[in-house]
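Student: Here's a structure for you.
A short reminder: the numbers here are calculations on the coordinates, not readings from a lab. Computed from a predicted structure; not experimentally measured. In this analysis, Cβ positions are derived from the backbone assuming ideal geometry, glycine residues included, and neighbour counts consider all displayed protein chains.
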């Protein structure tokens, strides 16, 4: 099998020749990678089965400073939605300031300078990248930056959104509908580029349990992702929809399936039983992740890493439908030797033939 055939087998819940594997590095490990391997392009070096990219950066030069109470310090930047990131050049380590935190009128939502994520110029490079990947025998994935709920969290504030949705629904629905419509436009732009997978996600649980009820998930998360999923299917029903949600998410999996989600990530083993999830939902969901980034990768030995890879192959890898990966970014405390052990074990124990 080539890379594209391997991914297509997995996406159709069949056994490939070997399990696809991947991981994501932070800047710290990309520096180490360059010293150890002579390149920062670890995805190419390790020959991941999926080539992936996102929409191009906006050409808009919106001044978002008036929506914030602080002057942006030197180590800060705005994203396309006007969120101010401060303190670190790695996305998920930075502190975020919400530009709509103090909004109290529908008119403020309506007049806000939203990004042009439906502009066609932002997707032209993806059409070329997808065609080149397929021609070279690779699968191609296109990704959202964030799902609809977390986008709203970023611009309005998570606490504000939760309160609004509970006691001021008609108010927050204005923002919700605007964000979902914009992301449907992004979904259309991504889908028209010819990817095999479109990546998205929205967190809904902690490691101790759900953050919201199933009814809340269906009404807010599910309805947004249904609209995005319908947009994708209208353009190409063969594209698979990937959903990332950390934490104890098993309660929501039936609703995710009803919503049209095809791939669930990351099956976090600290709070979910990957083997049980496979038995319950493995005939409907491709599972991704399941290698512990909180315990085994940072604190285990290379032998421990190999043992976990072998365990996952014997449980959720059985029968196919599994994309192996650590459950999040490989954080700075992970030894480089454990990353190499993960790759070696995936190649050794991940074969089906």
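Student: Whole percent per 20 Å bin, from 0 to the bin with the longest distance: what is P(r) over all C-alpha pairs of the chain?
Tutor: 28, 61, 11, 0
Student: Quick check: from the Cα gyration tensor, does region 160-259 come out rounded (a/c under 1.5), prolate or oblate?
Tutor: oblate
Student: How many percent of DSSP beta bridges within the chain run antiparallel, rounded to 5? Walk me through the numbers before you get to the answer.
Tutor: Numbers: 8 of 33 bridges.
Around 25 percent antiparallel, to the nearest 5.
Student: Calculate the FRET efficiency for residue 93 and residue 136 from the Cβ-Cβ distance with a Förster distance of 30 Å, rounded to the nearest 0.05.
Tutor: The computed FRET efficiency comes out at 0.35.
Student: Follow-up question, since we're still on this one. Mind giving me the FRET efficiency for residue 15 and residue 276? R0 is 22 Å, r the Cβ-Cβ distance, nearest 0.05 is fine.
Tutor: 0.60
Student: Let me ask another. First measure r as the distance between the Cβ atoms of residue 28 and residue 63, then evaluate 1/(1 + (r/R0)^6) with R0 = 30 Å and state the FRET efficiency to the nearest 0.05.
Tutor: Efficiency for this residue pair is about 0.40.
Student: What does the extension gain come out to for residue 351 and residue 307, with contour length at 0.36 nm per residue minus their alpha carbon separation?
Tutor: In short, 14.3 nm is gained.
Student: May I pose another question? In degrees, nearest 10, range 0 to 90: what is the angle between the Cα axis of helix 124-135 and the longest Cα principal axis of the chain?
Tutor: The angle comes out at about 10 degrees.
Student: Here's something else I'd like to know. Measuring from the lowest to the highest alpha carbon on each principal axis, how far does region 205-353 reach, largest first, in angstroms?
Tutor: The Cα atoms of region 205-353 stretch 44, 36, 27 Å along the principal axes, largest first.
Student: Test of understanding: what is the full-extension gain from residue 299 to residue 218, defined as 0.36 nm times their sequence separation minus their Cα-Cα distance?
Tutor: 25.5 nm
Student: Additional query: Would you calculate a helix-derived [θ] at 222 nm for the chain, using -39,500 (n - 2.57) for each DSSP H run of n ≥ 4 and dividing by the full residue count, to the nearest 500?
Tutor: -12000 deg cm²/dmol
Student: Still on this structure, please answer the following. Classify region 1-107: rounded, prolate or oblate, from the alpha-carbon gyration tensor (a ≥ b ≥ c, eigenvalue square roots; a/c under 1.5 rounded; otherwise prolate if a/b is larger than b/c)?
Tutor: Judged from the Cα gyration tensor, region 1-107 comes out prolate (a/c at least 1.5, a/b above b/c).
Student: Which length gain, in nm to one decimal place, applies between residue 333 and residue 168 when the Cα-Cα distance is subtracted from 0.36 nm times their residue separation? Walk me through the intermediate numbers first.
Tutor: On the way: separation 165, 0.36 × 165 = 59.40 nm, distance 4.25 nm.
That works out to 55.1 nm of additional length.
Student: Still on this structure, I have one more. Once a ≥ b ≥ c are taken as the square roots of the eigenvalues of the Cα gyration tensor of region 1-44, is the result rounded (a/c under 1.5), prolate (a/b larger than b/c) or oblate (a/b not larger than b/c)?
Tutor: prolate
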